[in-house]
Amino acid sequence: MHMIIRFSAGLCRLLSFIGGAAVVLMMLHVTLDVVLLNLFRVSMNTTPEIVARYYMVAVAFLPLGWLTLRNQMISVELLDFVLPKRLRENLDVLIALTGTLIYGMLTYATWFKALREMRSGSFVELVRFQMPVWHSHFLVPIGFGAATLACALMTIVLLSPRSRELLASHIGEDTE
Amino acid sequence: MSVEIGLWGVAILMGLLALRLPVALALILVSFGGIWAMLGWNPAMGILANTPYSFAARWTMSAVPMFLLMGFVAYHTGLTGGLFDAAKALLARLPGGLAISSIFACSAFAAVSGSSLANSAAMGRIAIPEMVKAGYRPSIAAGCIAAGGTIGALIPPSILMIIYGVIAETSIVQVFLGGISIGLITALSYCIVVLCIAWFRPDIIPPTGAVEPPDLWQSLRQVLPIVLLIILVFGGLFSGMFTATQAGAVGAFGTVALAAAMGRLTRDVIRRSLNETVITTSSLLIIGIGATMFTRFLGISGVSNLIASFVSDSGMSMMLVLLIIICIYLLLGTFMEPFGAMLVTLPIFLPLIDAQGLSLVWFGVLVVKLLEVGMITPPVGMNVFVIKNVASRYVMVTDVFRGVLPFILADLVVVALIVAVPSLVLFLPELVSGAR
Amino acid sequence: AMSQNLRGAGGASQAHPSTYMYERFATYLEEESGGSMSLSLIGPEVVTLTQVPDALQSELINIGNLLPLFFASDFPRTNVAGDMALIGRLSHAMALAMTEFVVNCEPCQEEFSNKGMVFLGAGASDPYVLITTTPVRTAEDLQGLRLRSGGAPFSRWAENFGATPVNMPVGEQFEGLNQGTIDGTMSSIVDMLSFRLVDVARYVTDVPLGTYHVTSNFTVNQSTWGGMSEDDRATLLRAANRANPTLTDRWGFQLPEAARNAVAEAGIEVITPDEALLEASNAFAASDAESRISADELAGDFAAMVEKWTTIVEELGDDPVALSERAMEEIWANVDLSTYGI
Ligand code: NA
Ligand code: NA
């Protein structure tokens, strides 16, 4: 059990870290484009496509697992104060199970979509050349896959207080 | 029959949200189930397979993480704090001075941020703890910032206005200009709300004197960096050095560079800013993906068409049509995300508005204002969720929703003003285009 | 026949020519079938132009407006016609040449078949022009300009005249012109209205650059098509064939006229360039087409179709009804509906 928790938390953290790297690259890449254009009238025609298809996709999907483990999926706590604690805890398990199911289906669907894109080798046509973009489709099922794993883990964790502490120790630091 | 499924979908969505299923998952689940029921398994799986990538992989969407990063870095390096301090130095002596200062700081920050979310996030971090410390009821402190954040989408640059301009095929610059006055009027209306509460309910907002206003000159010096950033972003934007989408990245880079020059860019700042940017971006985009699926589900079910024919076939007066349109936006705004809401409604409403001879620039500002009201109404209020994210130590989501209530009333007054006096929106665009 | 309701997506907003065409198509389908077939129009909030292939494949829609140039990796052979854009002068001729080309081009049919789609005709834009913020009267004026390009042939044209082609999403033209990140765009004059370029452009140079004609207006899901009786397929085809020229009529004539009026009203100067630039431009278009033809047999096939339909359209005029009747005789009458697209 300990191994599974350690592995999942590590994986989700790593993916989220890659998402952070994409944010930094996005900032530098776009700024460089602006600077080159204004100082040297040189335009890197690939910037919008690289930003959209690689950086944006990475930052959108890769952190989903980390998000789930840290319980930062946005939800509406409208009835929180009405529901008794027992019921709320049971609901939490049900929610984690539903999440596993939905993320699992998303993983399945986007994985086959990515395979189709790979088979047709999809690219975008730019001014001078064709830029392949099919690789980036695989970031989607990777992110959803991690989220599925995280939701499944949350289900277990919610049922066993001991593993809850273990998980907390692996997510650690600022949970604010 | 499909329409029935559509309406059931809305009801079930409400139920799932009330049971605390995460918003994104609820939207995805209902859309998938609904499309499955209407068209079968393949189209339903198709929606799951195709929507996520096509929603996220967009160049214009990159303004979201970039403006978020800018806000988070500005916050963690204390740059936005200067803005708040300067506003305090000028306004803290007023009743409810801290809240009024934070509203003005929101308005200033709006000039560098493209969305109300970034605005709420950045200001929420600084102002809420301070207000709570000064004896404000946490719900009103949070509500004030959640509402103040909406000014971010009204004062340009504004991602929503860019998207409206593209869909409505009208001048984005003109919509921008129309937004300036409404952004300022909104800020003013919020200040009046704060003053009223401070006057009648000192138990909620403590009267003046609770805080020592900082020294004016010192805080103005603190504000200098953020003024430089505003000059960088606005100057670059209007002199043609970069586009509104690029402005986010340049602004973020400028903020990082400035912080580094001031020696405030520590490893901890970088780590926290990136972590928060990544988590906020991802959790917002996944909701956007869910909302897009839900919009497609409603479109297929025919609920959207039902609304359109209801409005256009009945031969009602212009005022009544407008009133209904406003009510529909307020209703949709309760549970939909603004991009999706615009996509469903604009194809229906724009021809109606055009046929009535009303200005599309004016309508654009009205729609953005209405959608921004939706950002703070329950059960799905994105600004409120962001506030909850950045101030979870002080408030629950329900507290924030309670706190924004008086500001929503002010919003309704502003909406009525926009409808009653269209020149409030149009005088700036007309001034500029007349001068050309 | 059994009554059948089809879901169709034009993929675009109300003002777009595609929506105009699909609204007419819905009427024609009811008329041609005597009411037994009907079309439910699916709006852009459900399916946009970029989502049409996915929506067709997942059977979310039965018929959609597909733009093969958006999906370059899936339609490399069909898009050879797009590489010949610079020779486009007469909109209807380009549209019908495209239709006849794809119907008879085996590798193109294979591409559609591989994606589970059936092709029922194309449409075309007006010839693109230069929309700029600095005046372009001579070839020298083009030197060093940064021009947004919508595709490889337009980029080659720009580079030939010493301008720099810039890749930019079509929706960003407005901001690009407004802020001077580009000096102009090579576009349809219709963009003056559909992207509000009237607010930022200052000059239009009437140098005909070529057309956009690689469209598949009514792309039918293959299993929908295969599941229909031959009679129903014929009915669907008749409706599509009647609707096809309405796209060109809208995109190539009605909307450009409206845009020209708006241009005049906005005080934008319309420049007729000097003879030398016109000649150089036409010469480059011809030599560019030659180089394509020598490199690829299909480009030659397409050029032959353009020649054929240019003669017909010059004689017949721009009436959509007469053109659709002619298309039925020349193109679709030779198609065996028991095997086409299956
Ligand atoms: Na703003
Ligand atoms: Na809301």
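R0 = 30 Å: FRET efficiency of A:MET118 with C:VAL170, Cβ-based, nearest 0.05? Each step should come with its number before you reach the end.
Details: r = 27 Å, r/R0 = 0.92.
About 0.65, to the nearest 0.05.
Please report Rg over Rh for chain C, where both radii come from the alpha carbon positions and Rh follows the Kirkwood definition.
Numbers: Rg = 19.9 Å, Rh = 20.4 Å.
My calculation puts Rg/Rh at 0.97.
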Legend entry - Straight-distance crosslink candidates among lysines, where the alpha carbon sits under 28 Å from C:LYS115 and sequence neighbours closer than 8 are dropped: A:LYS113
Inset, instruction - From other protein chains only, count the Cβ atoms within 10 Å of every residue's Cβ in A:42-48, then give the mean. - result: 5
Inset, instruction - Starting from the eigenvalues of the Cα gyration tensor, five times each then square-rooted, give me the equivalent ellipsoid semi-axes of the stretch B:323-389, largest first, whole Å. - result: 24, 10, 9
Legend entry - Enclosed volume per residue, in Å³, of the convex hull spanned by Cα atoms of the stretch B:23-107: 145
Legend entry - Relative pair counts by distance (%), Cα atoms of chain B, 10 Å bins: 5, 22, 31, 27, 12, 3, 0
Legend entry - Per-residue mean of C-beta atoms belonging to partner chains within 10 Å, peptide C:67-75: 3
Inset, instruction - Find the relative contact order for chain C and round it to a whole percent, using C-alpha pairs within less than 8 Å whose residues are 6+ positions apart. - result: 25
Legend entry - Acute angle (nearest 10 degrees) that the helix B:303-313 long axis makes with the longest principal axis of chain B, alpha-carbon atoms: 80
Legend entry - Principal axes of the stretch C:115-263: Cα extent on each, largest first, Å: 59, 32, 25
Legend entry - Cα centroid of the stretch B:242-284 to Cα centroid of the stretch C:235-268, whole Å: 47
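Starting from the Kirkwood radius over alpha-carbon pairs of the protein assembly as shown, derive D by Stokes-Einstein at 37 °C in a medium of 0.692 mPa s and give it in µm² s⁻¹. Walk me through the numbers on the way to the answer.
Numbers: Rh = 29.2 Å.
My calculation gives 112 µm²/s for D.
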Inset, instruction - Take each of the peptides B:142-152, C:98-108, average the number of other beta-carbon atoms within 10 Å over its residues, and list them starting from the highest. - result: B:142-152, C:98-108
Legend entry - Calculated log₁₀ intensity ratio I(q)/I(0) where the Debye formula runs over C-alpha points of chain A, q = 0.08, 0.11, 0.17 Å⁻¹: -0.35, -0.60, -1.07
Inset, instruction - Would you mind giving the three semi-axes, in whole Å and largest first, of the ellipsoid equivalent to the stretch C:51-170 according to its Cα gyration tensor? - result: 32, 16, 13
Legend entry - Cα-projected label distance for B:LEU412 with C:ALA276, points at 7 Å along beta-carbon direction, nm: 7.0
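Return B:LYS133, A:LYS113 ranked ascending by Cβ neighbour count within 10 Å, so the fewest neighbours appear first. Each step should come with its number before you reach the end.
Values: B:LYS133 12, A:LYS113 22.
Final ranking by Cβ density, sparse to dense: B:LYS133, A:LYS113.
Which of B:TRP59, A:TRP134 has the fewest other C-beta atoms within 10 Å, and how do the rest follow up to the most? Don't skip to the end; give the middle numbers.
Working: B:TRP59 22, A:TRP134 18.
Sorted ascending by nearby Cβ count, the order is A:TRP134, B:TRP59.
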Legend entry - Residues A:MET56, A:MET131, sorted so that the one with the fewest Cβ neighbours within 10 Å comes first: A:MET131, A:MET56
Inset, instruction - Extending each Cα 7 Å along its Cβ direction at B:LEU216 and C:GLU297, get the distance between those two points in nm, one decimal. - result: 8.5
Inset, instruction - Give the distance, in whole Å, between the Cα centre of the stretch B:70-113 and the Cα centre of the stretch A:34-76. - result: 28
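What's the average, rounded to a whole number, of partner chain beta-carbon atoms within 10 Å of each residue's beta-carbon in B:12-23? Show your work: numbers first, answer last.
Details: counts 0, 0, 2, 0, 4, 4, 6, 9, 12, 9, 13, 4.
Mean number of neighbouring Cβ atoms from other chains: 5.
Throughout, read-outs are computed from the coordinates displayed, never taken from laboratory work. On a predicted model such as this, the values are computed, not experimentally measured, just so you know. So basically every Cβ, Gly included, is an ideal-geometry build from the backbone, and we count neighbours across all protein chains shown.
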